[in-house]
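Have a look at the structure below, then the notes.
The values are calculated or read from the model by the stated rules, or taken from the named source; none is laboratory data. A quick note: this is a predicted structure, and the numbers were derived from the prediction, not measured. For neighbour counting, all protein chains shown are included, and Cβ atoms are generated from backbone atoms with ideal geometry for every residue, glycine included. The protein model used for the area step is the full one, side chains on, heavy atoms only, and it has no ligands, DNA or RNA in it. Shrake-Rupley method; radii C 1.70, N 1.55, O 1.52, S 1.80 Å.
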Amino acid sequence: MNTVTLVAIDKSVQQVTPSKVVCIGRNYVDHIKELANEIPDEMVVFLKPNSAITTTLSAKHNDDALHYEAELSFLYQGGQFTAVALGLDLTKREVQGKLKTKGLPWERAKAFDGSAVFSDFVAIPEEGLSQLNLSLVINDELKQQGGVSLMMVKPDEILKELQRFISLEDGDIVMTGTPKGVGVIATEDSFVGQIYLQQEDSQMASSALLTCQWQAQ
């Protein structure tokens, strides 16, 4: 079983084994518009299995090109979200488009091995969930930026809705959707992601909760 790394406040490190990754789709209006999708009437949910979890960023899977989607990703423990990471929901966009046209499920485009890339998880700050934001820079160019304030369904609402119909186990991960700016991954692309508390741009670096890096293979 694949694991993720949880870094505690005292800097101790623990390996956590999620049973599944629960993903929320179409949760940012601008991202919905950039893919020409319809705004959903209710929260969009799909799953990735444990085998999707990885720390390796791939540009292709079985010769299919992959697209990146950076997301605030939460670790579920004891009935609540306790830690946050930057996650990349890797997507076979061409495959997904064909499946959507036929009204078929997305698993072939979203749930393949290695399709969920995560940074370390760190404790959610005392300020809570509402100020959390992410940024993703690829080859020194800012590609994605957004956070809880732009979400259609906020993390607390997501958790409440999920608990109505699915059992979450300690260690499960919930990915909460991606802001606009998604795109294709090229081999050797350099990714730098950050999670920070909502502040003026000039203060972003000082308020960072975590910074992570990947190089696409």
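Just one of N37, N50 is modelled with pLDDT of 95 or more and more than 12 Å from the chain's Cα centre (by Cα); which is it? Working first, answer last.
Numbers: N37 fails: modelled with pLDDT of 95 or more.
Selected residue: N50, the only one of N37, N50 that is modelled with pLDDT of 95 or more and more than 12 Å from the chain's Cα centre (by Cα).
Just one of (1) assigned to a loop (DSSP other than H, G, I, E, B); (2) open to solvent by less than 20 Å² (accessible area, probe 1.4 Å); (3) in contact with a helix residue (DSSP H, G or I) (Cβ under 7 Å, 6 or more places away or on another chain); (4) of a type outside the set (G, A, S) fails for Q96. It is (1).
Among the residues here, T187 qualifies as assigned to a loop (DSSP other than H, G, I, E, B), hydroxyl-bearing (S, T, Y) and open to solvent by 70 Å² or more (accessible area, probe 1.4 Å). Take the residues in region 38-61 that are part of a strand (DSSP E or B) and under 16 Å from F191 (Cα atoms); name whichever of them is least open to solvent (accessible area, probe 1.4 Å). The selected residue is T54. No other residue among A85, A65, A109, A70 is surrounded by 23 or more Cβ atoms within 10 Å (Cβ to Cβ) and more than 28 Å from V7 (Cβ to Cβ) apart from A109. Quick one: D30 ticks every box in (1) farther than 26 Å from V122 by Cα; (2) open to solvent by 40 Å² or more (accessible area, probe 1.4 Å); (3) assigned to a loop (DSSP other than H, G, I, E, B) bar one, so which box is it? Status for D30: all satisfied but (3). Considering S115, S130, S135, S149, the condition of being touching a Ser or Thr at 6+ places or on another chain (Cβ under 9 Å), open to solvent by less than 30 Å² (accessible area, probe 1.4 Å) and of a type outside the set (A, V, I, L, M) is satisfied by S115 alone.
Among the criteria (1) surrounded by 14 or more Cβ atoms within 10 Å (Cβ to Cβ); (2) within 21 Å of M43 (Cα to Cα), the one Q163 does not fulfil is (1). When each of L129, L134 is tested for being modelled with pLDDT under 95 and either under 16 Å from the mean Cα position of the chain (by Cα) or part of a strand (DSSP E or B) (or both), the lone residue that passes is L129. Within region 190-217, restricting attention to residues that are open to solvent by less than 50 Å² (accessible area, probe 1.4 Å) and either among the aromatic types (F, W, Y) or modelled with pLDDT under 95 (or both), which residue is farthest from L150 (Cα to Cα)? Looking at residues that are open to solvent by less than 50 Å² (accessible area, probe 1.4 Å) and either among the aromatic types (F, W, Y) or modelled with pLDDT under 95 (or both), I get W214.
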